[in-house]
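Step one of this worksheet: look at the structure below.
We did not get these values from a lab; they are worked out from the coordinates using the rules stated. These numbers come from a predicted model, not from an experiment. Here Cβ is always computed from backbone atoms with ideal geometry, including for glycine, and neighbour counts include all displayed protein chains.
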Amino acid sequence: MRSSNPVFSRRGFSRDNGYAGFNATQQPQAGNPYAANPYATGPQPTNPYAQQPQTAGQQGFPPAAPPQAGRMTMDDVVARTSMTVGLVVAMAAVAWITDLSLGLALGAMLIALVLGLVQSFKRKASPPLILAYAAFEGLFLGAISNYVDSYIANGAAMQAVLGTMAVFAAVLFMYKARIIRVTQRFYRFVMAAAIGFILLMGINLLFAVFGGGDGLGFRSGGLGILFGVIGIVLGAAFLALDFKQVEDGVAYGAPREESWLAAFGLTLTLVWIYLEFLRLIAILQSSD
């Protein structure tokens, strides 16, 4: 189970079947992505749900695993995500109130990036590392939001928050209603689009640093608006992957510590969407 952010790779999504399920130790039965359980402590050739014809799992709804001690539940994911997102918000408020300088904010961003990379390459979740990431990311978000709100686009921070909440609610509704179906094709398309998007933004940044100005113009004017919208759409797609990741973990009876990885992935994605909204709003208001 890997973090689900356009910058980081995702652990646990199987490439052996048509669904973005957890990696299994063996090939699942045809038509059922839940035929093998990677979290089983002993030999378990098939998932008991695979013996039932036309189960919910065959329709794209994973069967719920029986509650067991030490296994991940939806309540675990909600609690951990509330902790990480709450810490981001709290530290952002601290940075805003104390008027944290942009220099210190950039330092906090670099520390958060390093912490995020370290966690993304770890085989197991490290709650202190994830919480430290959330704290430093919150400092950066609070400072940059304060700057944009004060000098570029008044009210941009609140609009970005509302936009992020709206995207989260919309994607959750469409995912639960199965309007969005996370398949292997969906996963590959999103990953390819995200890699292309990040490469373009990296090239644009290099041109801006060494050539001055706005680089290739991907973050200003009409192109900036277009890429801002693309960034938000990509974030929404990664939210769907996050929801699938959580759903699979609960269905498989993943270890409880996996809920920290789910919270980490959701936090990364929400931060991504918020920053894209903040950038887009700043471009729109500055062009008026």
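Per-structure values
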quantity: Label-point separation, Asp75 to Leu102 (7 Å along Cα→Cβ), nm; calculated: 4.7 nm
quantity: Phi-based couplings in Hz for region 222-233 (Karplus 6.51, -1.76, 1.60; Gly and Pro marked x); calculated: x, 5, x, 5, 4, 6, x, 5, 4, x, 5, 4
quantity: Within straight-line cross-link reach of Lys244, lysines at Cα separation under 16 Å, skipping those fewer than 8 residues along the same chain; calculated: Lys176
quantity: Total formal charge among the other residues, if their Cβ is under 11 angstrom from that of Ala105, Lys/Arg +1 and Asp/Glu -1; calculated: -2
quantity: Nonlocal amide H pairs with Arg71, under 5 Å, H built at 1.01 Å; calculated: Arg256
quantity: Neighbour net charge for Pro128 - beta-carbon separation under 14 angstrom, K R +1, D E -1; calculated: +2
quantity: Whole-number D in µm² s⁻¹ for region 214-263, Kirkwood Cα-pair radius fed into Stokes-Einstein, 4 °C, 1.567 mPa s; calculated: 99 µm²/s
quantity: Additional length obtainable on full extension of the chain from Met174 to Arg188, 0.36 nm per residue less Cα span; calculated: 3.1 nm
quantity: Cα centroid separation - region 218-288 against region 98-156, whole Å; calculated: 15 Å
